[in-house]
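Values in this text are rule-based calculations from the coordinates and carry no lab data. From a predicted model like this one, the values you see are computed outputs, not experimental measurements. Cβ coordinates were reconstructed from backbone atoms using ideal geometry, including for glycine residues, and neighbour counts include every protein chain displayed.
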């Protein structure tokens, strides 16, 4: 059933706000000045056939939480399929590396084999800019 909504017929102009932000100290994006910055990833080193060490630069500004994000193949037994899945690992305060196990099952399709790693930080309830994330990848 289609509902008639005359207010939605003409979308609002989202391009101009009628406020001149040039020359002012008002940030055009709310929260941009309090958004924490995630440290840069430095390397992924192989420690063996099944293990890698992921390293990154130390986190600046003492964030409340540092997270290592990992995208790797995950087997869903309910549907009998390997697919990429993102895991979150809490990092100890001051740590700059973590060892991770690679999924090397021969049934994993080539499109789902790549492992990717990146860092996120949380400070005062704000998460680092997700648009700035640049994952490092490795093939098992």
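Structural remarks
- Both radii are taken from the alpha-carbon atoms of segment 34-138; with Rh as the Kirkwood radius, Rg/Rh is 1.01.
- Length released on extending from residue 83 to residue 50, taking residue separation times 0.36 nm less the Cα-Cα span: 10.0 nm
- Measuring r between the beta carbons of residue 76 and residue 130 and using R0 = 22 Å, the FRET efficiency lands at 0.30.
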